[in-house]
Amino acid sequence: MSEATVDVADLRLPGRDPERDGRADDAPLREDIRLLGRVLGEVIAEQSGADVLELVEATRLQAFAVRRSEADRAGLAARLGDLDVRATNHVIRAFSHFSLLANLAEDLHHERRRRHHRRAGSPPQPGSLAAGFAQLDRAGLDPDVVARELAGALVVPVVTAHPTEVRRRTISQVQQQVTDLIRERDRSAPGEVDEAAWDAALHRSVLTLWQTALLRLSRLRLADEIDEALRYYDLSLFRVVPAINAELRRSLQERWPGSGLPTGPVLQPGSWIGGDRDGNPFVTADAVRRASSRQAETALGHHLAELTELYRELSMSDRLVTPTPPLRALADASRDDSPFRADEPYRRALLGVHARLAATAGRVLGQVPGTPPHAALEPYDTPGELLADLAVVDASLRSHGAGALADDRLARLRDAVDVFGFHLAGLDVRQNSAVHEEVVGELLAWAGVCADYAALDEAARVELLAGELRVRRPLVRPGAELSELARGELDLLAAAAGQVALLGPRAVPNYVISMCESVSDVLEVAVLLKEVGLLDPDGADGPTCPVGISPLFETIGDLQAAGDTMTAVLAQPVYRALVADRGDQQEVMLGYSDSNKDGGYLAANWALYRAELALVEVARREGVRLRLFHGRGGTVGRGGGPSYEAIRAQPPGAVAGALRITEQGEVIAAKYGEPDLARRNLEALVAATLEATLLDVEGLGDDAEEAYALLDDLAGRAQAAYRELVHETPGFVEWFRAATPIRELAELNIGSRPPSRKAGDRIADLRAIPWVFSWSQARIMLPGWYGTGAALESWIGDDPARLARLRELHRRWPFLRTVLSNMGMVLAKTDLDLAARYAELVPDPELRARVFDRIREEHGRTCRVLLAVTGDDHLLADNPSLERSIRNRFPYLEPLHHLQVEMLRRRRTGDDDELVRRNIQLTINGIATALRNSG
């Protein structure tokens, strides 16, 4: 590596470049941060006293000096360590709010810059639909190819019940007040805003923020998680999702008219909240019913409210216009005999549509959201019937020159009904394969079919299960005495079947099998679906099931075997017939969390890529259309990172017009909290899906196999280095639990699901979210980089040609470029000098040094080799936006880390003061807020 080696001591840290610090474009951001900091300081002084403000300000100045390498970190740590617990609380709260307000200013600045680019007529940004279609236009695509590749096109962001959002909704609401005030000032001409009134309003909002508790008093319940996710529909999704579908449909038809392109909604929402039972005992039959009902209530409430607004707007008189006969018939069927509306056929028609939809809500929910209907009419059985009536209104408006009205609220409502139906979002069910095995074994034993299913080998299991799937006979009768586990699983599936009957097949579209390893794991779920009547083995055209079965491959070993497993699954005639019934569509889910925990960052990402290549080949050979479901988390260690680049980095054929992807925790708020953000992020998903489907984005050509072999080698080396530390080093688990706040994290009220799948002290038993979250809190970020440096350095050795080869692949190959870019982001957020303070919490000095020295050595190695491969001179050379963000936010993290370590030390040495415990939780909250992606 000789000439390309960069010493870690010479790395340019974010914020050290005066030229970047002085960018005129960022002046409004700096002004906002100063303004918000000043107002917060005023509030602290008036509420907590000048002495507290003096302490906070002195800490702030010293923290910034530390970040500029102008002050000693140990001095700051020592001064903060001498504070009493109440003064500590003031400082933690102050810096948590500083971080929160800096985030807010940063988001507003992103919005400001986008608005500037639009006004300046700048080219469309990568990731937008406009930029995506410009790429497709340049490619000169064949219409038949486009139609074939986009058949069944589908993009589904799936919100999940894995919360890492530490903010309370109340805090978010106050943040929104501050955001609205700054936005109002930005968009007003000089002199338009009453400065005194504006300043007073900002002061009131920051005062409210200071006097509002950052922490929840109790753990979130599942019902709270369901409601929390639903609020994003009113915030942004009702407005944005139909608009993107309409633009996409229009753009496709303009370019390739008459090609049989999709006309239905491509972008559709999904959810796991209330259906993901894997490791969450609170997901029960009642939870499925509540989640589905609340979703239906949200969708139907929206549609009814829009119909009410349409009724007010479409006041046309038939003395002035001539509506179509179908519109008159719709008006006559409404049973509205008011003399005041005798000449208003549209209002009478819409009253009837509203009444029928209200009857649907009454049937589905037992109540009618919003305005009561004027009369009792027959309910709609399907959203298609409602759409047919709305189409009558549309056609009539256009017949007398009112097409502009048809293109406004009516068009938006039609698009909304098309995508959200009566169900709002598809609710997936998920459970672990080990549970299915136990439950099916119990059912088979109860029915006298097989006394000991668990003792059978795989071949015998498959034969037995396939036989059960050929007959309609259930295994148990209603009311059978079963274990609590078996009864719970069957009741949940029966509830899902009830929601499908009530709301249609889109209500529960998929059953996801966690830790799927074999054919029997898939057939067991099919047997359970048959047991509750969802799967019919003997339909008119063969076996049918409205719920798709989605195997989830998670560990490195399962990913490596995924192709063989799916080949064997599709070789089962009864299962292949089910796939045929679903239009020859097979979904497979890929897990980013457990694979990373199992084999480390590079090995996990490459195992996923290899699995996709194998699955694409299986699908081609078997004549099925593959849809991949990516289980990505918020952090790079759990598959996070920019979605647009990640989708474009998929292997050829892996996207194929369809994509499902999980969204969770703080990522949901960051992406969908406002219409502008939601539009940008959802467009990125759709644009990347189109580009990855229709363009050669891999760019390797004939060099692909050689590149794959190289990554096979690197991944093997990286996995060995990672496992040597995490799974093979004596005392590593003890070190991890002492040097990170993993134990204290379990006390934070951020989600309904337990932190571990089962009791135990193994890494394998720990859920990926607390695993990654804990490393983030200690600023080690180990799941996002460890092992990669060792792999790259050992492969390159002293051979300049090998380094040149990696540089070439980094330039040409989106996969490698994305993997290394995301790793650079993680390394830039890593701070091993701060991490060393956490390591001091490990009581055994020998263990402390043995593990931490290896982490520090690998970190330096990884930074050096990464820069050698990319050719950059600092870690965030390809991400100036994040570089600026870190420069603005990370000084506020400094005191929080030092105080967290001090509070952890006091707590673990027996200080049971409740304020010490609360201070720990506040630091966890504040650090997560500043890092912005914790799990």
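Observations, loosely collected:
- On inspection, Arg477 does not qualify as closer than 29 Å to Val417 by Cβ, charged (D, E, K, R) and not in a strand (DSSP E or B).
- All of (1) modelled with pLDDT under 95; (2) crowded, with 24+ Cβ neighbours inside 10 Å; (3) within 21 Å of Leu559 (Cβ to Cβ) hold for Tyr672 with one exception: (3).
- Some residue of the range 364-381 being within 18 Å of Glu306 (Cβ to Cβ), in a helix (DSSP H, G or I) and under 36 Å from the mean Cα position of the chain (by Cα): yes
- Test result for Arg148, out of contact with any Lys or Arg (no Cβ under 9 Å at 6 or more places or on another chain), exposed (fewer than 15 other Cβ atoms within 10 Å of the Cβ), within 26 Å of Gln268 (Cα to Cα) and among the basic types (Lys, Arg): yes
- Filtered residues of the range 578-624 (kept if of a type in the set (Lys, Arg) and modelled with pLDDT under 95): Arg582, Lys597
- Top-ranked residue in the range 843-873 [being outside any loop (DSSP other than H, G, I, E, B) and among the small types (Gly, Ala, Ser); ranked as farthest from Val733 (Cα to Cα)]: Ala868
- Where helices (runs of 4 or more DSSP H) sit wholly within the range 772-842, those with at least 2 residues that are touching a residue at least 40 places away in the same chain (Cβ under 8 Å) and within 25 Å of Ala746 (Cα to Cα) occupy 814-829, 832-839.
- When Tyr233 is tested against the conditions (1) crowded, with 20+ Cβ neighbours inside 10 Å; (2) without any contact (Cβ under 8 Å) to a residue 24 or more places away in the chain, the lone failure is (2).
- Residue among Ser514, Ser483 that is in contact with a Leu (Cβ under 9 Å, 6 or more places away or on another chain), of a type outside the set (Val, Ile, Thr) and in the same structural domain as Asp564 (by TED's automatic domain parsing): Ser514
- Subset of the range 47-75 (residues that are of a type in the set (D, E, K, R) and without any contact (Cβ under 8 Å) to a residue 24 or more places away in the chain): Asp51, Glu54, Glu57, Glu70, Asp72
- Scanning the range 45-76 for residues that are out of contact with any His (no Cβ under 8 Å at 6 or more places or on another chain), more than 22 Å from Ser885 (Cβ to Cβ), assigned to a helix (DSSP H, G or I) and hydrophobic (A, V, I, L, M, F, W, C) yields Ala45, Ala50, Leu53, Ala58, Ala74.
Rundown of residues vs (1) of a type in the set (Asp, Glu); (2) in a helix (DSSP H, G or I); (3) out of contact with any strand residue (DSSP E or B) (no Cβ under 6 Å at 6 or more places or on another chain), yes/no style:
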{"position": "Leu220", "(1), (2), (3)": "no, no, yes"}
{"position": "Glu225", "(1), (2), (3)": "yes, yes, yes"}
{"position": "Tyr233", "(1), (2), (3)": "no, yes, yes"}
{"position": "Phe238", "(1), (2), (3)": "no, yes, yes"}
{"position": "Val241", "(1), (2), (3)": "no, yes, no"}
{"position": "Asn245", "(1), (2), (3)": "no, yes, no"}
{"position": "Arg249", "(1), (2), (3)": "no, yes, yes"}
{"position": "Gly260", "(1), (2), (3)": "no, no, yes"}
{"position": "Pro265", "(1), (2), (3)": "no, no, yes"}
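- Residues of the range 853-862 classified as touching a Leu at 6+ places or on another chain (Cβ under 9 Å) and either free of Cβ contacts under 8 Å to residues at least 24 places away in the same chain or buried (at least 23 other Cβ atoms within 10 Å of the Cβ) (or both), total: 1
- Flag for Ala94 being over 30 Å from Val697 (Cβ atoms) and more than 32 Å from the chain's Cα centre (by Cα): no
- The listed residue being at pLDDT below 90, part of a helix (DSSP H, G or I) and loosely packed, with under 13 Cβ neighbours inside 10 Å, out of His110, His116: His116
- Count of the range 832-847 residues which are among the acidic types (Asp, Glu) and within 13 Å of Ala77 (Cβ to Cβ): 2
- Arg34 modelled with pLDDT of 90 or more and under 21 Å from Ala105 (Cα atoms): yes
- Where a residue in the range 621-632 is part of a strand (DSSP E or B) and its partner, wherever it lies, is basic (Lys, Arg) and surrounded by fewer than 21 Cβ atoms within 10 Å (Cβ to Cβ), with Cβ under 9 Å and at least six apart: Leu626/Arg620
- Filter result (among the β-branched types (Val, Ile, Thr) and either at pLDDT 95 or above or within 30 Å of Tyr838 (Cα to Cα) (or both)) within the range 696-742: Val726, Thr729, Val733, Thr740, Ile742
- Filtered residues of the range 414-438 (kept if closer than 20 Å to Glu309 by Cα and in contact with a Gly (Cβ under 8 Å, 6 or more places away or on another chain)): Asp418, Gly421, Phe422
- When we screen Tyr575, Tyr609, Tyr601 for residues that are more than 30 Å from Leu493 (Cα to Cα) and surrounded by fewer than 24 Cβ atoms within 10 Å (Cβ to Cβ), the only hit is Tyr609.
- Within the range 455-474, being surrounded by 11 or more Cβ atoms within 10 Å (Cβ to Cβ) and either assigned to a helix (DSSP H, G or I) or hydroxyl-bearing (Ser, Thr, Tyr) (or both) holds for Glu458, Ala460, Arg461, Val462, Glu463, Leu464, Leu465, Ala466, Gly467, Glu468.
- So Arg119, is it more than 27 Å from Leu694 (Cα to Cα) and without any contact (Cβ under 8 Å) to a residue 24 or more places away in the chain: yes
- Of the residues in the range 873-883, not one is closer than 30 Å to His90 by Cβ, of a type outside the set (A, V, I, L, M, F, W, C) and under 28 Å from the mean Cα position of the chain (by Cα).
- If only residues of the range 336-362 that are in a helix (DSSP H, G or I) and modelled with pLDDT under 95 are counted, the one that is surrounded by the most Cβ atoms within 10 Å (Cβ to Cβ) is Arg341.
The values are calculated or read from the model by the stated rules, or taken from the named source; none is laboratory data. Nothing here was measured: the structure is a model prediction, and the numbers come from that model. Quick reminder, even Gly has a Cβ in these numbers, built from the backbone with ideal geometry, and neighbours come from all protein chains shown.
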